């Protein structure tokens, strides 16, 4: 079985852009988790730790960026990889409203053609089939920032995921954890972003009689969005450190024409397999977004990625027009609600009086005051 495993890992090293050093047993398991499926992120040089680009990219590169999701959204990506390997990713995100953040789920699968298997003596053992699967639950929320614009500030996010690899009749699984922070701030000449994230932290994969460490990756990224001829121009750069291998630097850019057509290019350096240019683009039609990216792997050919995303439902309130006094009044109203649930009506009246002093026209405070007065009369 060890020879079969080594052959599979060697194929994965070629097909999953892992380094040849991973061909030996005992390095890292779950290499498929390092594949980036988002065409937008790939076309921009596999960057995205320091910005919110799209749902698929945020789910893979920095969980905190999911907090900037403005609509309920579903997305699907198809990756036509190398040597007949294919991969798919699907994700769904939903803003929970107000300050409650964004919840999301995602899954990804990798399929590869049958490979030649050999037993420990080196004898041919027939074709061996292999595949991989991962599913994750995500949550992200804004931690702090200006009350006028919830698109800015400090965001945090995390994900818990289950990953499984299968080689013929043998399988391995692991429970892993992702986490990230993202800072976004408007400047006079554009919007700046910076992020730090870690993916696939946790226990290793047990395969056959051995155990491989988890394929953890730590990323740091920056971004800057400005206007060129009235259209958004985005620059991004990432530095990532996969466990057991050297650091990789990448950079990219995106230009959106009338917010309908996007042109993207990027560069990845430091990869033993897959360094070089990336290209791609996208088209937005109302709430639909189609994206494509191509990346070259030399003699192994090119990988093509496609994705389709659909936004629906009401937009999340990202720019509430509340003054500081109104913001404080809202907080007082929530305090009154809690006191009323505990039948502490007189204390609730005091909180509502304070709220109406801050914002005399607050409809929620006026309605609660009417109700609590009736409850006070009944309780006498």
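With an 8 Å Cα cut-off and a minimum separation of 6 or more residues, compute the relative contact order for the chain in percent. It would help to have the intermediate numbers written out before the result.
Details: 1032 pairs, mean separation 66.0, N = 380.
Worked out over the chain, it gives 17 percent.
When the chain is treated as a Gaussian network with alpha carbon springs shorter than 10 Å, the biggest mean-square fluctuation among 74, 365, 65 belongs to 365.
Largest GNM mean-square fluctuation across 192, 348, 104, computed for the chain with C-alpha springs under 10 Å, falls on 348.
Exposure proxy check: 343, 111 ranked by fewest other beta carbons within 10 Å?
Numbers: 343 9, 111 15.
With the sparsest Cβ surroundings first, the list reads 343, 111.
For the chain, a Gaussian network of Cα nodes joined below 10 Å ranks 139, 292, 124 by mean-square fluctuation, and the top entry is 124. As a proxy for reagent exposure, ranking 273, 260 by other Cβ atoms within 10 Å from fewest up yields 260, 273. The angle separating the long axis of helix 345-358 from the principal Cα axis of greatest extent in the chain is about 90 degrees.
Between 0 and 90 degrees, the angle of helix 2-15 with respect to the longest Cα principal axis of the chain falls at about 60 degrees. When the helices of the chain are scored as -39500 (n - 2.57) per DSSP H run of n ≥ 4 and the total is divided over every residue, the value at 222 nm lands at -6000 deg cm²/dmol.
Taken over region 324-379, the ratio of Cα radius of gyration to 2.2 N^0.38 Å equals 1.01. Axis of helix 324-341 versus longest Cα principal axis of the chain: the two differ by about 90°, to the nearest ten degrees. If R0 equals 35 Å, the separation of the Cβ atoms of residue 162 and residue 310 corresponds to a calculated FRET efficiency of about 0.85. The alpha carbons of the chain give a radius of gyration and a Dmax of 25.0, 91 Å, in that order.
Taking 0.36 nm per residue of separation and subtracting the current Cα-Cα distance, fully stretching the chain between residue 286 and residue 88 would add 68.8 nm.
Exposure proxy check: 271, 347, 254 ranked by fewest other beta carbons within 10 Å? Before the final figure, lay out the partial values.
Numbers: 271 19, 347 15, 254 24.
Ascending Cβ contact count within 10 Å gives the list 347, 271, 254.
FRET efficiency for the residue 71 to residue 337 pair, using the beta carbon distance and R₀ = 25 Å, is estimated at 0.35.
Could you give the length gained by full extension between residue 114 and residue 277, i.e. 0.36 nm per residue of separation minus their alpha carbon distance, to one decimal place?
Values: separation 163, 0.36 × 163 = 58.68 nm, distance 3.02 nm.
Taking 0.36 nm per residue and subtracting the Cα distance, the gain is 55.7 nm.
Calculated FRET efficiency, residue 175 to residue 228, Cβ-Cβ distance, R0 = 41 Å: about 0.35 to the nearest 0.05. If the chain linking residue 189 and residue 370 were pulled fully straight, counting 0.36 nm for each residue of separation and taking away their Cα-Cα distance, it would gain 60.3 nm.
Bear in mind that the values in this text are calculations on the coordinates, not laboratory data. These numbers come from a predicted model, not from an experiment. Note: ideal-geometry Cβ built from the backbone for every residue, glycine included; neighbour counts use all protein chains shown.
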